[in-house]
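Everything below concerns the one structure shown next.
Taken together, the values in this text are just the output of simple stated rules run on the coordinates, not laboratory data. Quick caveat: nothing in here was measured; it's all calculated off a predicted structure. Methodologically, a virtual Cβ is constructed for each residue, glycine included, from the backbone with ideal geometry; neighbour enumeration extends over all protein chains shown.
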Amino acid sequence: MIGAQILMESLIREGVTAMFGYPGGQVLPIFDALYDSPIKFILTRHEQGAVHAADGYARATGKVGVCLATSGPGATNLVTGIANAYMDSIPIVAITGQVKSFLIGNDAFQEADVTGITRPITKYNFLVKDVRDLTRVVREAFYIASTGRPGPVVIDIPSDIQQQNTEFVWPEKVAIRSYHPTYFGHPGQIKKAAKLISSSKKPVLYVGGGIISSAAHQALRELAEKIQAPVTWTLMGIGAFPSAHPFALGMLGMHGTAYANHAVTAADLIIAVGARFDDRVTGRTDTFAPTAKIIHIDIDPSSISKNTRVDVPIVGDAKNILGELLEQIKKRPDTSAWLKEVDGLKKKYPLRYKDGDKIKPQYVVEQICEATGGEAIITTEVGQNQMWAAQWYKHSHPRTFISSGGLGTMGFGFPAAMGAKVGCPDKTVIDIAGDGSIQMNIQELATCVCNKINVKIAILNNGYLGMVRQWQELFYKKRYSHVCITSPDFVKLAESYGAVGIKVTKKEDVRPAIEKMLSIENTVIVDFRVEPEENVYPMVPAGEAINKMIEGLA
Amino acid sequence: MKHTISVLVENKFGVLARVAGLFSARGYNIASLAVSETLAPDTSYMTIVVEAEDEKILEQIKKQLNKLIDVITVTDFTNKEHVDRELILAKVNYSAKDKTRLEILLNKYGANIVERKGSVAVIEAVGKQDRIRELLLALDKFGVKELVRTGRIALAL
């Protein structure tokens, strides 16, 4: 077999059924092998679309997402998406062609040092210099991407290696002596944590994306119910705990619910699971949970004590450790007074917005949630649309909220929706977008229509780069510098791609338009003309304590 | 405070760049770096000396070093019993009239002349870094024309 065929066979053995990409000069042998391959290949209209689609596919299914691009510009177009997956710990394998191995370093046509460029934004990367290494490299790439704290892996393959002949030898097992993720927590630490929990009066569970990647949502729910503790989550943790549960506090942090932020500030114990105390969550770190002891459960030891002090660190897999904790906690803490206090906070500081005759973006999200029964997969772009989606769509299941958390990549939501729909064809997938972000990867409309990937795009169109405008309004004296953005006629645009476009300018048309969007068997864009200067509230100004929120309407 | 960190790594291309990248991404300068094969040819030891401007950041760097797939172990010799040495090669002016004075000095520091050509001699010296510093100061009056040093290498006891 030649290298390209070996690659295809290896991908099949790794269980790959779909991949996203774009051809080019240095991947011709791979595309030739694809011609005979059972793997479903989705030709995107830009490499960035391919990598975000692989990411969305991975987030929606829990499997490793795969994308493929040529050398040089093909590979550099993947860079944003790789960095995005790295920040959010998403398992993807990105395969890039490279110039012939004897030309590397010669400034050959379409050459870029891809392993060099992607080194700080990948969990690992490979440059394949010998065709006999290829099967091992693919196995290791999938293993590294999907185990421990997941992340992106790049395989860079020179085109001469793709053409060389060798015997196909599939390695029986993966053995990387210097890579042994810790899955089971230290028993002593777990005992300590159990004791702290038993003696706490005001515990709060603060959970992140780690719950979702470890499939620990059931264990989390059992623990919350056993110890009668309220649960707050990060943007990445949306779906880890049912929004409708009486213990649910919603998201915390910069645009979290006021009651979540107040509860964390008043807590005497924070149980952090699979979350990394990001600055958007903690605000000013010295005032974060000032009266609480902190238990931090995370699979990545370098996440522990990075931003805040931690009293009981436990390194390991969330599901295993929560299971252990459930067994170890003999005495349940008495939290009845605390739950009453938290309910008081919920009543005193509800999440709300001022509705009116015009279309409020929050109203649109609420209506989408109602119309889909909270069961759709929601992807988002970045900015106000993302925060409103996070606040107002009430999720109940993991892997149903897909958003660029760490990197904050505009243009992520639409191709990610495409990837999610390929992975979960029976689900309704909706990208909640802004008029700015959607224009960053709009070319993927062609991919969706051509491949009948029926995703829905709900644009909260306010004519602004809304989140930046909000900051300029609040912190730069309303000097709106380059945030007013024009858009094409989205209805005509959709039609020109063969999709369907609907424009909504009246509040009473919002729900019917959503129903129509859901009923059409095609990619649909709905252009909701929303209140232009609506802000996302509550808001914690950057670097402020999280209980010092700007309320907007309070 | 200066830290001497020893990193046992897989001996393959790209590993040095991964390790160095953790320091450079934070604007940390590596004061010295020595890399070489161990007894097993598939692993290498890197001895890195770095000035930690912030101990917390260094702690983070060490955790991230441990996280690199190609890193097998990380040892910080600060507060750990260890031996450390450095090797230098120095090209100094050599003349018949200075010969005795130079030899006395070299003897005192356990240093040797390894090669002589015309009016220059190449000196080798091994020692702890403060000893090396003293020797270099003393050699100054003979005229040091060129100097290379390996940087610190260290071994835990």
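For peptide B:3-13, the mean count of partner chain Cβ atoms within 10 Å of a residue's Cβ comes to 1. In summary, the aspartates and glutamates within cross-link reach of A:K347, defined as a Cα separation below 18 angstrom excluding same-chain residues under 8 places away, comprise A:E551. Pairs from the table (A:K123/A:K202; A:K123/A:K319; A:K358/A:K394; A:K63/A:K123) lying more than 28 angstrom apart at Cα are A:K123/A:K202. Mean separation of Cα pairs under 8 Å and 6 or more residues apart, divided by the residue count, gives chain A a relative contact order of 14 percent. As a calculated quantity, the FRET efficiency between B:E81 and A:K191 at R0 = 41 Å, using C-beta atoms, amounts to about 0.80. Listed by chain and number, the aspartates and glutamates whose alpha-carbon sits under 18 Å from that of A:K100, ignoring those within fewer than 8 places in the same chain, are A:D32, A:E111, A:D113, A:D130, A:D133, A:D156, A:D160.
Once you have the alpha carbon radius of gyration of the range B:74-157, what is it after dividing by 2.2 N^0.38 Å, with N set to its residue count? Could the numbers behind the result be given before it?
Numbers: Rg = 14.6 Å, N = 84, 2.2 N^0.38 = 11.8 Å.
Computed over Cα atoms of the range B:74-157, the ratio equals 1.23.
Between A:H245 and A:Y480, the modelled label-to-label distance comes to 4.2 nm, taking each label 7 Å out from Cα in the direction of the beta carbon.
Count the net charge of all other residues whose Cβ sits under 13 Å from the Cβ of A:S403, scoring Lys and Arg as +1 and Asp and Glu as -1. If you can, show how the numbers build up before the last one.
Working: positive: A:R59, A:R280, A:R399; negative: A:D55, A:D88, A:E381, A:D431.
Once positives and negatives cancel, what remains is -1.
Under 13 Å from the Cβ of B:S32, count the other residues' Cβ atoms, weight Lys and Arg +1, Asp and Glu -1, and hand me the total. Around B:S32, the charge tally is +1.
On a per residue basis, the convex hull of the C-alpha atoms belonging to the range A:1-121 measures out at 96 Å³.
If R0 equals 51 Å, the separation of the Cβ atoms of A:V174 and B:D130 corresponds to a calculated FRET efficiency of about 0.60. Both numbers refer to the Cα atoms of the range A:411-501; Rg and Dmax are 15.0, 48 Å.
Annotation: amide H-H contacts under 5 Å for A:V93 (H modelled 1.01 Å from N, sequence separation of 5 or more, or interchain): A:G65, A:V66, A:C67, A:V153. For peptide B:66-74, the mean count of partner chain Cβ atoms within 10 Å of a residue's Cβ comes to 4. Considering all different alpha carbon pairs of chain B, the Kirkwood hydrodynamic radius works out to 17.4 Å.
Taking amide H as placed 1.01 Å from N in the peptide plane, A:L269 has its amide H under 5 Å from the amide H of A:K202, A:V204, A:K293, each at least 5 places away in sequence or on another chain. With a cut-off of 11 Å between beta carbons, the residues surrounding A:Q98 carry a summed charge of -2, where Lys and Arg count +1 and Asp and Glu -1. The phi-based Karplus calculation (6.51 cos²θ - 1.76 cosθ + 1.60; θ = phi - 60°) puts the 3J(HN,Hα) values of the range A:296-310 at 10, 9, 7, 7, 9, x, 6, 7, 7, 6, 7, 10, 9, 5, 10 Hz, whole numbers, x for Gly and Pro. Rg and Dmax of chain A, based on Cα coordinates, read 23.9, 71 Å. Strictly over 26 Å apart at the Cα level, which of A:K226/B:K63; A:K354/A:K548; A:K421/A:K503; A:K201/A:K354; A:K293/B:K56 would you flag in this model? Long pairs (Cα-Cα over 26 Å): A:K226/B:K63; A:K201/A:K354.
If you plug the beta carbon distance of B:L157 and A:R132 into 1/(1 + (r/R0)^6) with R0 = 51 Å, you get a FRET efficiency near 0.75.
By average Cβ neighbour count within 10 Å, what is the ranking of A:220-229, A:357-366 from highest down?
Details: A:220-229: 18.9, A:357-366: 21.4.
Top to bottom by mean Cβ count within 10 Å: A:357-366, A:220-229.
Computed per residue of chain B from DSSP H runs no shorter than four, each worth -39500 (n - 2.57), the mean residue ellipticity at 222 nm is -8500 deg cm²/dmol.
Which lysines, on any chain, are close to B:K99 with Cα under 18 Å apart, when same-chain ones fewer than 8 places away are left out? List returned: B:K91, B:K108, B:K117, B:K141, B:K145.
Around the amide H of A:V207, modelled in the peptide plane, lie the amide H atoms of A:T232, A:W233, A:T234, A:V273, all under 5 Å away and 5 or more residues distant in sequence or on another chain.
Per the Debye calculation on the range A:128-211 with a single equal scatterer at every Cα and no solvent contribution, log₁₀ I(q)/I(0) for q = 0.18, 0.22, 0.26 Å⁻¹ amounts to -0.91, -1.14, -1.30.
Applying the Karplus relation 6.51 cos²θ - 1.76 cosθ + 1.60 with θ = phi - 60° to the range B:64-75 yields 3J(HN,Hα) values of 6, 4, 4, 6, 4, 4, 7, 8, 9, 9, 10, 10 Hz, where x marks Gly and Pro.
Per residue of chain A, the DSSP helices (runs of n ≥ 4 H) give a summed -39500 (n - 2.57) that works out to -10500 deg cm²/dmol at 222 nm.
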